[in-house]
Every structure is written in C-alpha cells, then in structure tokens.
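Here's the structure, in structure tokens; my notes come after.
The values are calculated or read from the model by the stated rules, or taken from the named source; none is laboratory data. Here the structure is a predicted model, which is why all the values come from computation and not from measurement. Backbone-built Cβ (ideal geometry, glycine too); neighbour counts: all protein chains shown. These accessible areas exclude ligands, DNA and RNA; they are computed on the full protein's heavy atoms, side chains included. Shrake-Rupley method; radii C 1.70, N 1.55, O 1.52, S 1.80 Å.
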Amino acid sequence: MEERLQKVMAESGVASRRKCEEMIFAGRVKVNDVLITEPGYKVDRDKDLIEVDGNIVKSFDKKLYILLNKPVGYITSVKDQFGRPTVLDLINGISNRVFPIGRLDYDTEGLLILSNDGELTYRITHPKYNTNKTYRALVHGEVDRDDIESFEKGITIEDYVTAPAEMKIIKYAKGNSIVDITIHEGRNRQVRKMCSAIGHDIIRLKRIRIGEISLGGLKTGEWRYLSDSEVKYLKNIGGIMK
Ligand code: URA
C-alpha cells in the first residue's frame, strides 16, 4: 500500500509528521537510495527502504517476505557456532530483521523463504498444512520404477516411515540420475536419507519449489522480495484467507 513518506516516517517513530516534513525538505531523507525532497512522495512501507541521515528507518510492524536462491556453503540459521557464513550474510539493505523459514542443509542449495512474519512461518513449516516442497537431485545410479514405488509407499528411515512422496525421472546422465522429488514433510536431511535408503546417494540437491512458489530466473546467491500475489498465496495455505 502506498502512503505519504512523512506519515510512514512518523509512524515508525522518527519524529512528528511536521518534523519529518522538515527533514525531507532539508534533503536528509532517501528512499531506495534516491534523495527525496518532496514530502508528499508515496512509499510502500513493506517494500521501500527509507533512510534518514544514512540511518535505515525501521518500522516495527513492517513485514518483509524474501526469496533467496541459497548457494551451497551457507547455513540456514541466524548465527553459526563455528563461524560459517549464514544465509543472512547474503541479504543486505533491508529495513527489518528476517528469519529463515524452515531449513536447507549447508550442502543444499535453492529456494529459501525468509520473513519476520511468524504466521507465515507456521503455515509453511507445520506438517498439518502439507505444503509440497520439490527438490531437484542428482543421485548416484539409475533410478527405476521400483524406486519410484518405494517413494510412493513410504520409506523406513530410522524410527519412522515417510509419508507418500513423489519421484519423477528428469534424465539419466553418465550412469547417474536427475530426479524431481516432492515431499510434504520436513524432517532433518529427509530427502538425503530417503535417497540413501533406496541405494541412490545424493550428489547434488537443490530445492526448486515450495507449493506454487518457484525460483524463476533467480541466480544462485541472489534474492528478491516475494510479489504481493506470492505472499497472498502463502498466507492462504491451509485455506484461511488473511
Ligand atoms: N532434505 C534434505 O535432505 N536436505 C535439505 O536441505 C532439505 C530437505
């Protein structure tokens, strides 16, 4: 939603609206790195980055929704006890803190959503909502019909049996297979364990879709804001429109 710049600044606790107008006139305010001197300027508090004297204006109720194409070699956590890079190291220039929703292993790449909206986290990660997650995997050996059936029936891993999952062969490559795997659970290293259990260890693993959200043309290491319709879709998981 577009609102007047001084209103958003005031409601974010910068100063009164009148004082904020003066700051804008005085050339102290930037929006998305562009100097703005016109107080009526319209901004979207959920998307635009506002700075006063070079300091980012944080709005406490501002919800951010980000899609990252995670590279291998980053951990999905806010901090790492071993000092390894985290996915947050890849997200710069945003006005509020965000948190990874769900996790991808250090050695898994692909689609990761980050947000500060706790309700959305719940909808994407809670098993009761059954959100499909699709991974493209390069696995050792040639996958066959029996493997696909094992995935459909459920596979025993440690002390549990996985829920029915889908495996689709994309192609065979030099004695190995590229497959798309869709699961709707999210146990620790689940896809890797499922593939190992049927004798096809994973060589490379990339998440390409969560529900209807896909990476599109986003390059490895890049991020973008989710579109309004993508956020609406995610908020509607489980059927309750917000
Ligand atoms: N399953 C895995 O094995 N690893 C991931 O990172 C995600 C799903």
Filtering region 100-146 for residues that are in contact with a helix residue (DSSP H, G or I) (Cβ under 7 Å, 6 or more places away or on another chain), under 20 Å from E166 (Cβ atoms) and within 16 Å of the ligand (Cβ to nearest atom) leaves a count of 6
Strands (runs of 3 or more DSSP E) (entirely within region 156-232) containing at least 1 residues that are within 13 Å of the ligand (Cβ to nearest atom) and among the hydrophobic types (A, V, I, L, M, F, W, C): 176-183, 202-210
Where a residue in region 111-136 is under 12 Å from K235 (Cα atoms) and its partner, wherever it lies, is of a type in the set (D, E, K, R) and surrounded by fewer than 20 Cβ atoms within 10 Å (Cβ to Cβ), with Cβ under 6 Å and at least six apart: D117/K63
So, K79, is that one open to solvent by 10 Å² or more (accessible area, probe 1.4 Å), without any contact (Cβ under 8 Å) to a residue 40 or more places away in the chain and assigned to a strand (DSSP E or B) or not? no
Looking at (1) loosely packed, with under 13 Cβ neighbours inside 10 Å; (2) at positive phi, find the lone condition where E149 falls short. (2)
Whichever residue in region 26-45 is out of contact with any Asp or Glu (no Cβ under 9 Å at 6 or more places or on another chain) and of a type outside the set (V, I, T) and, among such residues, is farthest from N116 (Cα to Cα): A26
Answer yes or no as to whether K58 is out of contact with any Cys (no Cβ under 9 Å at 6 or more places or on another chain) and in a loop (DSSP other than H, G, I, E, B). yes
Can you confirm whether region 24-33 contains a residue that is assigned to a helix (DSSP H, G or I) and either open to solvent by 20 Å² or more (accessible area, probe 1.4 Å) or at pLDDT 95 or above (or both)? yes
